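For reference, the structure discussed in these notes is given below.
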Amino acid sequence: MANGFGTELPSFERAPEDIAKEIAAKRELDRQQKRPNVDVRGMHLESDAAQAKDPWPTPEPLFEPVEAEESYPLDALPTILSDAITKYRSYGQQPLSMVASSAIAAASLASQGLADVARNPHLVSPISLNFGIVAISGERKTSADRHFTRRIREWQNEKREALTADAGNARAALAAWEAQREGLLTKIKHASGKNRVGDQADIEAMMASLAELEQNKPVSVIMPKLFYEDINAQTLAVMIAEGWPSASLWSDEGGLVIGSNGMSDENLMGFVALLNRLWDGHSFERDRLTARCANMKGRRFTVSLMMQPIVMARLLGACGGAARKMGFIARNLVAWPTSTIGQRLYVDPPADMSATNKLAARFTELLDMELMTEGPKMALTPTCLSLSPTAKTEWTKFFNEIEVELSRAGEFGNIPDIGSKIAENAVRMAGVFHTIMHGPKGQLDKETMQGAISVVTWHLSEAIRVIAAQQKSQNIIDAELLLEWLLKQPPTPIDPRTILQFGPSRLRDKKVRDAALKILADKHWVFESGNPTRLTINPRARTAL
């Protein structure tokens, strides 16, 4: 049945299971007519078994970059990284830039607590890195992400298990201390109320005991927690301030972060400001009357978010573009890899995984190194790496070349915010490369700096692609707005006239509504059928987001 939007959609006034069967029947007819099982962009569709299990089509991105992705500079990476990336990708077959970003982000997390890097005596930065990678559903994001963080997660669990007994003893000691303190306070209060001769001396003695007790408060054992995902800014601030000093905001489904309540319009600016402070590595205090205060000192934080295109659009557009205006996007190394879906013919896992095992072992070595800290909250005081004279020359040349192109007429004139942070990201990445190869000591050499510059320059070109893709037509913007509204409605068929009555104000115009619905229908986000007409959201829409 042709709908009012010019698209052939399954007819239904029936249960969703019947709709799904109709879609499956149509696919089978296409197959029998020997039409290739490929969608309009050459993406291989699901296998017959997968279709039988879930015959709903996968929603397609509402927009994507026009320009082609440049070749990723794999040779610029240290051999220990490039070998592991190459070996894993020969099996996983994901886009090279996505695999490489996962590996470098893991390297950042494993090494960030050990070293800072100084461009000069007054410009000292953490070596922590932020990544924002755009990839569609089915790109095997989780597989790549889990592969390179596997050993880090294992180390976290092993360390926590090893500290369990110590943590229990510390809690018992703290409970006893609190009981002693409470007892002394009760005695002081009781004695103060009697106002008898001699009580003042007793009170002074008890106060001296209380002062001594306060000075000997048992220290809690801080358990390693390196990964945060579905969390709001208030909770993250407290957990980072009181928890393990080196951690990350990490998700292979960035919608769990960007789409969470913590990133809603009213909360987004606070979350972004916190992430920016953590990237900078500076100490700061978060004071609240109605919540726990947090004093963040000596913390290092990596961000690695893989997200659907529509989630990136949500991040860039939320709260009037606050994420970009406040500098969060500028601090991220972004990428939108060209999909490899449809080209990943089955291969057996390689028998020799020594390259990836070597990288995993190196992560373990770095994590096992004792962190330089001070105070009961383990405030980090990392070693400071410096630049060799030749590395400083390379970095200065890069800084100046970028700066010249940030003017309105320059190559990066449309992304001056991102361009202005890229030189610092270069020295941070060089710090990660150096620490992975040599540990937290010595000077960064020229070759390491050149490699880091090549990688961040590639990400700078990707930033241009991603930002350009966001310059969408009004129809696409309307479609995104309508989809966001539809996903908030009850999961039942919707009368299109409801949009005109209760939908977003811009979509209460029939022509605007129909244009937006046609895009959503063409991309398999919604289906229309019945008389009177009703809309049903593709069940895969929510999981795709």
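Rank-order 204-211, 272-279, 56-63 by packing density, defined as the average count of other C-beta atoms within 10 Å over each peptide's residues, highest first.
Details: 204-211: 13.0, 272-279: 21.4, 56-63: 19.8.
Sorting 204-211, 272-279, 56-63 by mean packing, highest first, produces 272-279, 56-63, 204-211.
Counting just the Cα atoms, what span does the range 325-419 cover along each of its three principal axes? Round to the nearest Å and put the largest first.
Here the Cα extents, ordered largest to smallest, are 53, 52, 33 Å.
Taking a cut-off of 15 Å, what percent of all Cα-Cα pairs in the range 167-215 are separated by more than that? Each step should come with its number before you reach the end.
Numbers: 583 of 1176 pairs.
Everything past 15 Å amounts to 50 percent.
Counting other C-beta atoms within 10 Å, and keeping those with at most 13, which DSSP coil GluC sites (Glu not before Pro) do you find in the range 49-155? Mind dumping the intermediate values first?
Numbers: sites: Glu67, Glu69, Glu70, Glu139, Glu154; in loops: Glu67, Glu69, Glu70, Glu139.
In loop regions of the range 49-155 (DSSP not H, G, I, E or B), the sparsely surrounded GluC sites (Glu not before Pro) are Glu67, Glu70.
Please list the non-local residues whose amide H lies under 5 Å from the amide H of Leu535, H modeled 1.01 Å from N, same-chain partners needing a gap of 5 or more.
Here Ile494, Asp495 satisfy the definition.
What size of dipole, in debye to the nearest 20, comes out for the range 167-215 about its Cα centre when the only charges are +1 on Lys and Arg C-beta atoms and -1 on Asp and Glu C-beta atoms?
Dipole size: approximately 180 debye.
Per the Debye formula with a single identical scatterer at each Cα and no solvent contribution, what log10 I(q)/I(0) holds for the range 432-545 at q = 0.10, 0.19, 0.20, 0.23 Å⁻¹?
The calculated log intensity ratios at q = 0.10, 0.19, 0.20, 0.23 Å⁻¹ are -0.50, -0.98, -1.06, -1.26.
Through the Karplus equation 6.51 cos²θ - 1.76 cosθ + 1.60, θ set to phi - 60°, convert the phi angles of the range 99-108 into ³J(HN,Hα) values in whole Hz; use x for Gly and Pro.
For the range 99-108, the Karplus curve yields 5, 4, 5, 4, 5, 5, 4, 5, 5, 4 Hz.
Could you derive backbone 3J(HN,Hα) for the range 77-94 from the dihedral phi with the Karplus parameters 6.51, -1.76 and 1.60 (θ = phi - 60°), listing whole Hz in sequence and x where the residue is Gly or Pro?
7, x, 4, 4, 7, 5, 5, 5, 5, 4, 5, 5, 5, 4, 9, x, 6, 6
If I take R0 = 35 Å and measure r between the Cβ atoms of Leu123 and Asn157 in this structure, what FRET efficiency does the formula 1/(1 + (r/R0)^6) give, to the nearest 0.05? If you can, show how the numbers build up before the last one.
Working: r = 37 Å, r/R0 = 1.06.
Calculated transfer efficiency: 0.40.
To the nearest 20 Debye, how big is the dipole of the range 457-529 about its Cα centre, given +1 on the beta carbon of each Lys and Arg and -1 on that of each Asp and Glu? Provide the component values of the computation, followed by the final result.
Numbers: 11 positive and 9 negative charges, 39 e Å.
So the magnitude is around 180 debye.
Is the shape of the range 424-471 best called rounded, prolate or oblate, per the rule: a/c under 1.5 gives rounded, else a/b larger than b/c gives prolate, else oblate, with a ≥ b ≥ c the square roots of the Cα gyration tensor eigenvalues? Could you put the intermediate results ahead of the total?
On the way: a/c = 4.24, a/b = 3.08, b/c = 1.37.
Verdict is prolate for the range 424-471.
Cα-Cα over 24 Å: which of Lys225/Lys325; Lys297/Lys358; Lys189/Lys217? Walk me through the intermediate numbers first.
Values: Lys225/Lys325 30 Å; Lys297/Lys358 33 Å; Lys189/Lys217 21 Å.
Table pairs above 24 Å Cα-Cα are Lys225/Lys325; Lys297/Lys358.
What nm distance separates the two modelled labels at Ser354 and Thr86, each placed 7 Å from Cα along Cα→Cβ?
1.4
Return the long-range amide H neighbours of Thr302 (sequence gap of 5 or more, or a different chain), with a cut-off of under 5 Å between placed amide H atoms.
Hits under the 5 Å cutoff: Ala247, Ser248, Leu249.
Read-outs: derived from the displayed coordinates by stated rules, not from any lab. Just so you know, these numbers come straight off a predicted model, no measurement behind them. Neighbour counts run over all protein chains shown; Cβ positions are idealised from the backbone, glycine included.
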